[in-house]
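The values are calculated or read from the model by the stated rules, or taken from the named source; none is laboratory data. Since we're looking at a predicted model, the values are computed, not measured. Cβ sites come from the backbone with ideal geometry, for glycine too, and all protein chains shown count toward neighbours. In case anyone asks, the SASA skips ligands and DNA or RNA and just uses the protein heavy atoms, side chains included. Shrake-Rupley method; radii C 1.70, N 1.55, O 1.52, S 1.80 Å.
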Amino acid sequence: MLIVRPVRISDLPVIETMAVDSGIGVTSLPNNREKLYEKIQTSLGAFEHEAVAGTGREYYMFVLEDDGQVVGTASISASAGFEEPFYSYRSETMVHASRALKVNNRIHVLNMCHDLTGMVQLLGFYCRPNLSLRALELLSRARLLYMAAARGRFGRRILVEMQGILDANAQSPFWDAIGRRFFNMDFPQVEQAFAQRSKTFIAELMPTYPIYVPLLPDQAQNAIGQIHPDFERPFNILSREGFEADNYIDIFDGGAVLTAEVDQLFSMRQQLRAQVEVAPVLPEGAEEMVISNHRSDQFALAQAHASLVDDVLFITPDTARALSLTSGQIACVAPLLQAEQGRVAA
């Protein structure tokens, strides 16, 4: 059975391996044991926090288990840029006009900003290669269903940064056209530096005036708002949830930034709470569902067969053990995302 749970200190060795395997694509998984240990410790403190409302500083790390083996990880930052601005480029149109020359031109420009500072951020998503779409969806959605269990800790708006286009040498055409002009660093170097520090040290030295997109090389222009092929499956999952590309892009590789209203996401709208009844034999009509124990501390989530009858959720003893649930307790249940793909897309 696939289970999503909070990270533990004992998971550090496998998280280290994932940080290496993820390469430069997941900067929130730094290839640095001390940084990863610090993230895990921060996550443990956040999950143990008893206050109903969060401070914004909280960071939550989850892992996906397959038959007891950790095969994926994903995280939530309660407030992007809590301690320093969260930088991005805002994609805008500037009008250049001359009445005398009868010229009126609309020019695509990029303006550095920190408009997204303070939004909830999904980050740190990585799974072992060749995992099923079902596994990826479960890990991705677990973060949202945790937010449903601890709604007061999170704000109204949410964002996800997607990795942008890279060439065969793992270089970013967007970075080469802009960032490299101000730093003697190639893209993998700057991504590693960001993983160890933050974007602030880059943003403070980048140009603050508008960047005129038509002046950039064609490769850089074509990379704006695009998504690396390796991130297409996570992107499709998030799109079905209700995330949409906004007019913001990553300041390093120009990758798309997806945003949404938290309470309008599919998992948030479709989740409901029901009283648990543990039954060796499920009532007729049992189907696959996503189920969590709806706890903010000892959180656990799985996809399992269950029956929902008159606000009572019938689950098997195996599912009950996996989620630490007993009859009479409250669980959170949501339909599968794939089954609802058409409705979400509409």
**Q.** Neighbours by Cβ (under 8 Å, 6+ apart or cross-chain): first from the stretch 161-190, over 28 Å from ASN236 (Cα atoms) and of a type in the set (Gly, Ala, Ser); second modelled with pLDDT of 95 or more and assigned to a helix (DSSP H, G or I)
**A.** ALA177/GLN219; ALA177/ALA220
Q: From ARG295, ARG273, grab the single residue that is among the charged types (D, E, K, R) and touching a Cys at 6+ places or on another chain (Cβ under 9 Å).
A: ARG273
Q) Would the stretch 301-312 turn up any residue that is out of contact with any Ser or Thr (no Cβ under 9 Å at 6 or more places or on another chain) and in contact (Cβ under 8 Å) with a residue 60 or more places away in the chain? A) yes
**Q.** Among the candidates VAL70, VAL95, VAL63, VAL52, residue that is modelled with pLDDT under 90 and assigned to a strand (DSSP E or B)
**A.** VAL95
Q. Any idea how many residues of the stretch 83-111 are within 30 Å of PRO13 (Cα to Cα) and surrounded by fewer than 18 Cβ atoms within 10 Å (Cβ to Cβ)?
A. 2
Q: Tally the residues that are of a type in the set (S, T, N, Q) and either in contact with a Cys (Cβ under 7 Å, 6 or more places away or on another chain) or part of a loop (DSSP other than H, G, I, E, B) (or both), restricting the search to the stretch 98-122.
A: 1
Q: Name every residue in the stretch 110-138 that is farther than 18 Å from GLY23 by Cα and among the charged types (D, E, K, R), in order of residue number.
A: ASP115, ARG134, GLU137
Q | Matching residues, the stretch 1-23, being under 11 Å from GLN69 (Cα atoms), among the hydrophobic types (A, V, I, L, M, F, W, C) and in a helix (DSSP H, G or I) | A | VAL14
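Within the stretch 244-270, count every residue that is assigned to a loop (DSSP other than H, G, I, E, B) and either closer than 30 Å to HIS294 by Cβ or free of Cβ contacts under 8 Å to residues at least 60 places away in the same chain (or both).
Of all residues in the stretch 244-270, those assigned to a loop (DSSP other than H, G, I, E, B) come to 250-255, 265.
Narrowing the set further to residues that are either closer than 30 Å to HIS294 by Cβ or free of Cβ contacts under 8 Å to residues at least 60 places away in the same chain (or both) leaves 265.
Going through the stretch 244-270 one residue at a time, the tally reaches 1.
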Q: Would you mind telling me which numbered condition in (1) at pLDDT below 90; (2) more than 27 Å from HIS228 (Cβ to Cβ); (3) in contact with a Pro (Cβ under 7 Å, 6 or more places away or on another chain) ILE24 fails?
A: (2)
Q | When residues of the stretch 288-346 are limited to those that are of a type in the set (Gly, Ala, Ser), under 16 Å from SER267 (Cα atoms) and open to solvent by 40 Å² or more (accessible area, probe 1.4 Å), the one modelled with the highest pLDDT | A | ALA339
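Given the structure, is ALA80 open to solvent by less than 40 Å² (accessible area, probe 1.4 Å), of a type in the set (Gly, Ala, Ser) and assigned to a loop (DSSP other than H, G, I, E, B)? Before you say what the answer is, go through the steps one by one.
Working: open to solvent by less than 40 Å² (accessible area, probe 1.4 Å): yes; of a type in the set (Gly, Ala, Ser): yes; assigned to a loop (DSSP other than H, G, I, E, B): yes.
Yes: the conditions hold for ALA80.
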Q. Where residues in the stretch 251-277 are open to solvent by 40 Å² or more (accessible area, probe 1.4 Å) and not polar (S, T, N, Q), which of them is farthest from ALA322 (Cα to Cα)?
A. GLU261
